[in-house]
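Working notes, structure below.
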Amino acid sequence: MKNIAMTFSLAFLLWIPVACTGMELGDWKSSSNQKDFSLNHQQILKHLRTATEAAKEAVESGHPPFGAVLVAPDGETVLMKQGNVSLMDHAETVISRLAFAKYDPDYLWKCTLVTTVEPCAMCSGNIYWANIGNVVYGVEEITVRELTGADKRNPTMDLPCRTVFKAGQKPIRVVGPIPEMEDELLATIRAYWKR
């Protein structure tokens, strides 16, 4: 069993540089290329602001400043809203697990998880396994890492969500970052790390 795990780990590590050498069709890196996505631009902005509310609520409860919402296929209905709970219970992970327990996987495939910051590797894995088919994030994880540094409350990995999703067998669609929202989204994060 140990040899299988080592082989898989080695294969994954060798694969990462290949996967990160360029973008493929269907990868959106900015808000200007959202044709045929499940949410239109105005819906994305609205739901990012709702996710920011969840992040602020998390801070008020003494938790890290990250938030997410799960949006129904109609692009309007917010099914779930969640802020970070702990170092292990990130907003996206909590929503993914709760949604998987409550909704049919085919329904979740048509839903969109909207989050203030790019999902980390752990959250991306949870999104993948919950079968949530669309993701929007406001700010890249690497941008937050530049703000937080080596703070033990945010031990960020340099592993973009697109890379995690590409390692799987499902074509999860991703839109982000959304540059016009960066200052608004980072305000809560900056305030939290200045405390």
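What ranking do 95-107, 124-136 get when scored by the average of other Cβ atoms within 10 Å per residue, highest first? It would help to have the intermediate numbers written out before the result.
Working: 95-107: 16.2, 124-136: 23.2.
Final packing ranking: 124-136, 95-107.
Of Thr52, Thr77, which has the most accessible area with a 1.4 Å probe, and how do the rest follow in descending order?
Values: Thr52 10, Thr77 60 Å².
So the residues, ranked largest to smallest area, are Thr77, Thr52.
What percentages, rounded to whole numbers, describe P(r) for segment 114-195 computed over all alpha carbon pairs with 5 Å bin width beginning at zero?
In whole percents, the pair-distance histogram is 3, 15, 26, 23, 17, 11, 4, 1, 0.
Calculate the FRET efficiency for Leu87 and Tyr107 from the Cβ-Cβ distance with a Förster distance of 25 Å, rounded to the nearest 0.05. Write out the running numbers ahead of the final one.
On the way: r = 30 Å, r/R0 = 1.20.
Using R0 = 25 Å, I get an efficiency of 0.25.
Counting only other residues whose beta carbon sits under 12 Å from that of Thr115, what net charge do I get with K and R as +1, D and E as -1?
Working: positive: Lys81; negative: Glu92, Glu118, Glu140, Glu141.
So the environment of Thr115 carries a net charge of -3.
Could you compute Rg(Cα) / (2.2 N^0.38 Å) for segment 44-195, with N its residue count?
Values: Rg = 14.0 Å, N = 152, 2.2 N^0.38 = 14.8 Å.
Dividing the Cα Rg of segment 44-195 by 2.2 N^0.38 Å gives 0.94.
Residues with beta-carbon under 14 Å from that of Asp89, excluding Asp89: net charge, scoring Lys, Arg +1 and Asp, Glu -1? Write down the numbers at each step before the final one.
On the way: positive: Arg97, Arg153; negative: Glu92.
Result for the neighbourhood of Asp89: +1.
The values are calculated or read from the model by the stated rules, or taken from the named source; none is laboratory data. Small disclaimer: the values here were computed from a predicted structure and weren't measured. Note that each Cβ is placed from the backbone with ideal geometry, even for glycine, and that neighbours are counted across all protein chains shown. Heavy atoms of the whole protein, side chains included, go into the accessibility calculation; ligands, DNA and RNA do not. Shrake-Rupley method; radii C 1.70, N 1.55, O 1.52, S 1.80 Å.
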